[in-house]
Amino acid sequence: MTESSLKQVAVVNIGQLVTLAGPARPRAGAEMRELGIVSDGALIVEDGRVLRAGSYAEMRTSIEQAAEVIDAGGCVVTPGFVDAHTHLVFAGNRAAEYEKRIAGATYQEIAAAGGGIQSTVALTRAATEDELLTQARQHRDWMLRGGTTTLEGKSGYGLNRETELRMLRVLVRLNAEGPARIVPTLLAAHTVPKEMADHREEYLRVILEELIPEVAAAGLARYCDAFCDDHAFTVDETRTVLEAAKQHGLGLRIHAEQFRPGTGAALGAELGAATVDHLETVTEETLRMLLEAKVQPVLLPASVFCLSRTQYPPARAMIELGLPLVLATDFNPGSSPAPSMPFTMSLACLQMRMSPAEALTAATVNAAYSLGLGAEVGSLERGKAADFVIHECRDYRELAYYVAAPARPRVFIAGCEVML
């Protein structure tokens with residue numbers, strides 16, 4: 001018996017094997033509806049990677065006698081979800097502000113009264129690294145139970161050197177312990193801390209001259225993000241942050257055009273950002289800039305929903321223009337306490353008129369490419385990590401059709417089942 005045979009896993013009796021196989025790049029336009037579905041499929045995993053994916057009839061002779069065989073029960077198998085925008089690490093919650101929003105207060109009014117991000121900053125600063133790790137682990141486990149196997153996580157609730165570094169160390173520790181893959185992002189430019197409200201330039205200096213160089217040198221983040229908005233940072237301030245990050249070898253992401261147009265998306269195109277996120281108020285002219293610059297839009301419909309707003313990003317216009325969309329949860333304690341990618345897909349279909357196929361593409365392979373991981377995860381193709389989910393359904397469209405269903409999918413990372 002060979003060593004490789006001991007490590008082979010075969011998943012059989014797959015009603016629909018959704019491979020997402022296709023070109024080695026983000027998918028756009030009609031490509032977003034091409035899922036590479038195989039009926040009566042099988043998946044062979046060896047050493048944690050996909051060896052073969054296809055029809056069981058064609059593959060059964062390739063399954064070694066010593067293989068561990070997993071019966072999918074005729075259900076749907078997809079790649080694991082890739083959540084490309086989360087605020088995974090924070091202390092406490094903002095349930096009290098949830099009640100205020102229900103009573104009619106706006107996000108901006110709550111922030112102006114000292115709530116919002118600043119209230120989470122106070123709690124996060126007071127927490128130890130181990131306390132933050134424990135709570136972030138719970139958040140990650142919620143995501144894993146829903147089928148998310150790779151995710152991006154941001155800092156941004158420290159707003160000082162010590163706590164921002166602490167948050168990033170938590171993300172690095174979580175990634176190291178597994179099983180989920182976690183991509184860390186520095187978001188010190190989330191907003192100006194209240195104690196420095198009259199010293200914006202000094203806080204920017206800390207980000208530019210201390211945090212970005214230290215984080216880049218220590219390898220604590222792969223990306224740098226900034227929130228470009230009236231209650232956060234101006235376009236010019238955002239430019240200085242992202243240019244410094246780029247000089248230090250960090251990839252760029254931007255929170256932009258959430259509440260009004262002209263807040264950062266064009267800057268993302270100019271600087272060659274990997275993604276521009278939110279885009280609820282983006283204009284067609286700016287979308288053309290993103291297309292020309294090959295910037296991926298990351299849409300966050302759960303944030304719109306949780307803020308009781310009605311203006312969703314113009315997803316159909318983006319798809320028709322040829323932009324390779326990404327869907328993400330924006331999981332955070334204030335504007336999007338919603339860690340579920342299937343729920344995000346349902347909102348994308350119901351509120352942004354994306355098809356279930358487009359939503360699934362945006363939540364897997366396109367999201368993977370937006371994080372620089374397209375060659376590793378996001379589709380079930382030979383050589384890629386065997387991150388897959390056996391869903392409790394027999395038609396992939398049910399993933400978005402059954403809204404917030406209490407499903408219990410079987411989740412596998414590198415071919416090993418995640419037990420939570």
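The values are calculated or read from the model by the stated rules, or taken from the named source; none is laboratory data. Predicted, not measured: the structure shown is a model, and the values here were computed from it. Ideal geometry is used to build each Cβ from the backbone, glycine not excepted, and the neighbour counts take in all protein chains shown. Surface accessibility is based on the protein's heavy atoms, side chains included, excluding ligands, DNA and RNA. Shrake-Rupley method; radii C 1.70, N 1.55, O 1.52, S 1.80 Å.
DSSP beta bridges in the range 254-334, what fraction antiparallel, as a percent rounded to 5? The antiparallel proportion sits near 0 percent. Which angle between 0 and 90 degrees, to the nearest 10, do you get for helix 235-247 versus the longest principal axis of the chain when only C-alpha atoms count? Approximately 50 degrees, to the nearest ten. Scalar couplings 3J(HN,Hα) for the range 167-173, obtained by applying the Karplus form with A = 6.51, B = -1.76, C = 1.60 to θ = phi - 60°, are 4, 5, 5, 4, 4, 5, 5 Hz; x denotes Gly and Pro.
Relative protection proxy for 281-294, 243-256, from highest mean packing down: 243-256, 281-294 (other beta-carbon atoms within 10 angstrom).
Express in Å², to the nearest 10, the accessible area of Y56 obtained by rolling a 1.4 Å probe over the protein heavy atoms while all chains stay in place. So the heavy atoms of Y56 present about 80 Å² to solvent.
By its C-alpha gyration tensor, with a ≥ b ≥ c as the square roots of the eigenvalues, how is the range 283-420 shaped: rounded for a/c under 1.5, else prolate for a/b larger than b/c, else oblate? Since a/c reaches 1.5 but b/c is at least a/b, the shape of the range 283-420 is classed as oblate.
Normalised by 2.2 N^0.38 Å, where N is the number of residues, the C-alpha radius of gyration of the chain stands at 0.97. In the chain, helices alone account for a calculated mean residue ellipticity at 222 nm of -10000 deg cm²/dmol, with every DSSP H run of four or more residues adding -39,500 (n - 2.57). For the options A269, A407, A302, a Gaussian network treatment of the chain with springs between C-alpha atoms closer than 10 Å singles out A407 as fluctuating the most. Compared with the dominant Cα axis of the chain, that is its longest principal axis, helix 129-145 is turned about 40°.
Note that the range 67-80 has calculated 3J(HN,Hα) couplings of 5, 6, 9, 10, 8, 7, x, x, 8, 7, 10, 10, x, x Hz, one per residue in order, obtained from phi through the Karplus relation 6.51 cos²θ - 1.76 cosθ + 1.60 (θ = phi - 60°); glycine and proline are x. Of all beta bridges that DSSP places with both ends in the chain, some 40 percent have antiparallel geometry. Too long at a 32 Å Cα-Cα cut-off: which of K100/K154; K100/K194; K246/K384; K100/K294; K154/K384; K154/K294? Checking Cα-Cα distances, K100/K294 exceed 32 Å. Across the range 46-63, computed HN-Hα scalar couplings (Karplus, 6.51 cos²θ - 1.76 cosθ + 1.60, θ = phi - 60°) run 9, 6, x, 10, 5, 8, 8, 9, x, 6, 4, 4, 7, 10, 4, 6, 8, 7 Hz from first to last residue, x flagging Gly and Pro. Sorting 7-14, 273-280 by average packing, meaning the other beta carbons within 10 Å per residue, from highest down gives 273-280, 7-14.
Rounded to the nearest 10 degrees, the angle from helix 117-126 to the longest Cα principal axis of the chain is 80 degrees.
Just to confirm my numbers, what's the Cα centroid distance between the range 368-420 and the range 18-38 in Å? Using only Cα atoms to place each centre, the spacing works out to 15 Å.
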